[in-house]
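Data block below; observations after.
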Amino acid sequence: MQFLERLKVNLMTRFAWKKPGPRLAETLVKFEATEEDSSWHLLQGLKQEKDCQKKAKLFQQVLEEFRHAEEFQFLYKEIFAKKLKSLKEERQELFRKTEVWKLYAFCRIGEESAAKRFAHIIEADCEPRMKRVLKRIVADEEGHIEEADVLLDVLPIHEVTAELRRIRLKRFKESWMRMGRHLTGIIGKSLLLGFYFGIGWAFSKTANARFISNRKNLKKEGRELVYESPRIVF
Amino acid sequence: MKVLGLSFDYHDSSAALVVDGSVVAASLEERFSRLKHDANFPKQSIEFCLAKAKIDKDAIDVVAFYENPSKKFGRVLAAALASWPNSAKEFESSMSQWLGKKLWTKTRIASRLGIDPKKVITLDHHTVHAAQAFLSSGFQESAFLVVDAVGEWATTSIGRAYWKDNKPEFQFIRQSEYPNSLGLFYSAFTIFLGFEAMNSECSTMALAAFGKPQYVQKIKKVLLADGNDYKLNQNYLNFHRSLQLPFTKEFTEEFGSPFNGKYSFSSFEKKEASEEEQYYADIAASVQVIFEEAVINLAKEALKKSESKNLVYAGGGALNCVANEKIRKISELEKFYIPNEPGDGGSAVGAALLVSARSGLCSGTRDVYTGDEVEPLTFIDQIETKELKKFRKKGLTSDSPLSYSSKTLSDKDLYVEVAKACFEGKVVGWVQDKAEIGPRALGNRSILFRADRRDLALKVSKAIKDRALFRPYALVMNQNAANQILEESDSCELFEWMQLAIPVKEKMINEVSSGVHIDRTTRPQIAKQKSKIDKLLQEYEKMSGLGCLVNTSFNESGLPIVNSAEEALMQFARTDLDVLVVGNQVIVKEFRC
Ligand SMILES: [Fe+2]
Ligand SMILES: [Fe+2]
Ligand SMILES: [Fe+2]
């Protein structure tokens with residue numbers, strides 16, 4: 001897995017992250033979303049956590065992850081001279097309200113893999129401005145790993161190890177699923193384009209005609225837009 | 001009967017729970033997810049609604065979705081095919097979204113909630129808008145007007161709403177359909193002015209005040225008048241290919257390229273703008289005039305054809321408070337109502353109310369504080385304030401505090417203490433009880449400060465909200481102050497919910513200058529008597545002689561209004577906000593040991 005990851009980073013750096021371009025832009029948007037998402041998840045943990053000391057520590061971390069997201073926003077603006085448009089993907093449920101500690105376990109894994117990945121990108125010699133920001137973030141993330149370990153320290157070791165293993169497996173599965181989705185996406189795309197160029201022309205006239213008379217005078221025509229009563233099942 | 005209303009997949013997802021005709025809970029998903037205008041499935045809002053009503057998903061009788069996906073799919077498909085063969089990319093991206101997800105909304109809702117698909121129904125979008133306005137208006141009969149970007153096909157609807165056998169009827173008189181859309185027309189120019197569509201239409205309205213409407217005739221070539229109706233000239237704007245970049249070659253030849261930069265206009269200080277900026281401001285002013293003309297005509301037609309003296313108004317267009325005030329002035333109009341959240345964010349409420357009312361259950365509630373409730377912060381003393389210095393917003397020039405101090409006060413002391421802080425020129429974050437649904441903070445998630453100090457307005461724009469200086473602030477006032485400040489006022493909801501731009505009396509301008517726009521108007525909130533914000537204003541009046549403060553939504557640029565105390569504390573820590581009030585807890589920044 002480590003080897004594959006390193007290979008991926010090296011390839012991406014060579015072909016996409018060396019110079020400003022659409023792939024680099026896409027990556028910055030993704031990195032921004034990841035940082036912002038960790039800030040949000042930690043905020044949810046903070047709301048659930050009962051211990052005031054832990055709450056205060058988490059609050060600091062929420063702000064730090066939020067700052068990381070901002071760092072990518074600033075970097076994007078610096079490189080591409082426009083505002084980064086956030087991804088806004090649906091938030092995933094990482095833990096149940098009664099099991100905040102599972103969130104810390106999740107963060108532990110997330111921090112570790114982000115720190116490793118960022119370190120690889122720095123090593124592979126990416127765009128210099130990106131490198132500068134990543135260096136700053138990697139230092140913080142290493143601190144977060146230690147903090148997550150402290151938060152997890154008070155729990156039974158076997159439970160934590162089992163949870164960490166479960167999350168690692170889940171992430172691994174997810175990355176395969178993502179690849180699968182990507183592939184099906186490509187097939188779907190080709191089918192759609194096939195349809196579009198194959199028989200799209202036959203419908204384009206009808207479609208255009210629909211836009212020519214697009215005004216309804218409902219009263220004059222004696223028609224009313226009647227609300228269909230829902231079938232209510234009790 | 002328990003009806004869950006839902007809206008998602010476009011912008012401003014939301015959920016609302018109506019039990020026996022009353023809204024029990026409603027919230028925009030963005031308030032939980034912290035993603036502004038979040039369009040995803042409103043999972044957390046649904047959980048919040050069910051928890052609030054203390055019911056399980058199985059207790060829901062009907063789930064009502066705010067539009068009809070298959071009808072909408074027809075429109076999206078037709079639009080994508082209309083520009084064949086030049087729309088391959090757009091066709092592919094919209095179809096993969098629709099075929100992969102959006103078209104199966106009913107099944108998606110059922111499977112995500114784990115309920116019987118038969119319980120899920122989809123409604124006509126403009127009927128939902130009409131219902132969201134009429135059913136909370138309390139009117140017995142009324143004309144209705146709906147103006148938004150686009151629903152399934154409809155973009156503008158006028159009609160008559162009334163009660164028959166204890167059930168509401170919505171009789172549509174006339175409808176305009178895509179692409180002839182006033183909303184899309186306004187949004188297209190919003191993009192042209194350098195802002196984001198479906199987000200910054202208010203910036204277009206604010207910018208308009210700095211311009212002269214000298215391009216009205218020219219822009220009327222884009223939106224062609226057709227009696228009371230209008231047609232969009234597709235030689236200039238083509239939405240089929242992209243809602244984000246609809247400008248044709250003819251358009252850019254006539255009007256130039258979209259603005260790219262930062263406007264130097266300011267609502268708070270004298271600033272010279274470049275010729276180029278002035279041009280775009282003049283365009284904004286002209287677009288605003290055309291929009292106003294169009295909605296006034298539509299409102300008049302709705303009143304006339306429905307033979308009513310009442311009007312209810314909904315859809316995103318109803319967020320334009322300058323136009324709203326002009327509609328209010330129509331002489332034939334007696335009663336006028338706009339729901340607090342007239343846009344798609346409020347359509348979950350509309351959908352749920354509609355289904356309930358059709359079953360004979362409608363209580364006509366108008367509560368706007370239907371969101372999540374705030375809880376006090378327990379960890380202020382544990383925060384290592386000095387450590388937070390590095391997370392402060394970039395560019396702040398002020399000192400970083402050494403510590404935070406927190407105290408909990410009695411009700412009476414609270415109002416005195418906070419009024420005093422405001423009087424001393426502090427900027428106060430004010431978080432109370434349940435959050436407001438809708439885009440405006442109405443005194444439960446607000447930032448408050450003195451109205452007669454423009455320097456404070458500048459501080460809030462630059463060091464707290466990160467907001468463009470040409471965007472004005474609004475005023476919250478008690479009835480006494482309203483009588484002194486506003487050219488006219490009324491006790492209706494329009495004045496309670498900041499839905500109108502009202503001229504300020506000349507002699508009062510200096511007293512409230514930081515909440516008045518360049519055109520001498522303000523969007524007032526006249527505080528509901530005995531509400532917490534009203535009590536605060538009464539105390540403030542004792543000190544300053546005028547019960548009026550500036551009230552702006554508690555958020556940073558790009559983020560939704562804060563929902564919880566923790567989010568409020570984040571902004572407090574990151575910015576130059578001086579005081580944070582959460583319920584009766586007052587937190588201040590200390591700069592000395
Ligand atoms: Fe981070
Ligand atoms: Fe981190
Ligand atoms: Fe709408």
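The values are calculated or read from the model by the stated rules, or taken from the named source; none is laboratory data. Computed from a prediction, not measured in an experiment: that's the story for all the values here. Glycine also receives a Cβ, built like all others from the backbone with ideal geometry; neighbour counts cover every protein chain displayed.
For region A:1-98, which fully contained helices (runs of 4 or more DSSP H) count at least 1 residues that are within 14 Å of ligand 2 (Cβ to nearest atom)?
In region A:1-98, A:22-48, A:52-80 are the helices (runs of 4 or more DSSP H) which contain 1 or more residues that are within 14 Å of ligand 2 (Cβ to nearest atom).
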Among strands (runs of 3 or more DSSP E) lying entirely in region B:7-84, which contain 1 or more residues that are more than 16 Å from ligand 1 (Cβ to nearest atom), surrounded by fewer than 19 Cβ atoms within 10 Å (Cβ to Cβ) and more than 12 Å from chain A (Cβ to nearest Cβ)? B:22-28
All-but-one check, residue B:368 against (1) more than 30 Å from residue B:576 (Cα to Cα); (2) in contact with a Leu (Cβ under 7 Å, 6 or more places away or on another chain), failing number (1)
Of the conditions (1) more than 13 Å from ligand 2 (Cβ to nearest atom); (2) within 14 Å of another protein chain (Cβ to nearest Cβ), the single one that residue A:139 does not satisfy is (1)
Of the residues in region B:348-360 that are out of contact with any helix residue (DSSP H, G or I) (no Cβ under 9 Å at 6 or more places or on another chain) and more than 11 Å from chain A (Cβ to nearest Cβ), the one that is surrounded by the most Cβ atoms within 10 Å (Cβ to Cβ) is B:352
Considering only residues that are touching a helix residue (DSSP H, G or I) at 6+ places or on another chain (Cβ under 6 Å) and away from every other protein chain (no Cβ under 14 Å), which ones fall in region B:247-277? B:263, B:268
Flag for residue A:48 being more than 30 Å from residue B:384 (Cβ to Cβ) and more than 10 Å from every other protein chain (Cβ to nearest Cβ): no
Among the candidates B:161, B:133, B:149, B:143, which residue alone is of a type in the set (Gly, Ala, Ser), in contact with a helix residue (DSSP H, G or I) (Cβ under 9 Å, 6 or more places away or on another chain) and within 12 Å of chain A (Cβ to nearest Cβ)? B:161
Determine which single condition residue B:196 fails, assuming it passes every other condition in (1) assigned by TED's automatic domain parsing to the domain that holds residue B:244; (2) over 24 Å from residue B:561 (Cβ atoms); (3) of a type in the set (Asp, Glu). (2)
It is to be established whether one or more residues within region B:480-487 are out of contact with any strand residue (DSSP E or B) (no Cβ under 7 Å at 6 or more places or on another chain) and either among the basic types (Lys, Arg) or assigned to a loop (DSSP other than H, G, I, E, B) (or both). no
What pairs come out if I take residues in region B:554-565 that are surrounded by fewer than 23 Cβ atoms within 10 Å (Cβ to Cβ) and pair them with residues that are hydroxyl-bearing (Ser, Thr, Tyr) whose C-beta lies under 6 Å away, six or more apart or interchain? none
One residue is enough: does region A:149-167 have a residue meeting the conditions of a type outside the set (Ser, Thr, Tyr), closer than 28 Å to residue B:100 by Cβ and modelled with pLDDT under 85? yes
Please work out which one of (1) under 15 Å from residue A:91 (Cβ atoms); (2) without any contact (Cβ under 8 Å) to a residue 40 or more places away in the chain is the condition residue A:21 fails and give its number. (1)
Can you tell me how many residues within region B:41-88 are over 27 Å from the mean Cα position of the chain (by Cα) and without any contact (Cβ under 8 Å) to a residue 12 or more places away in the chain? 7
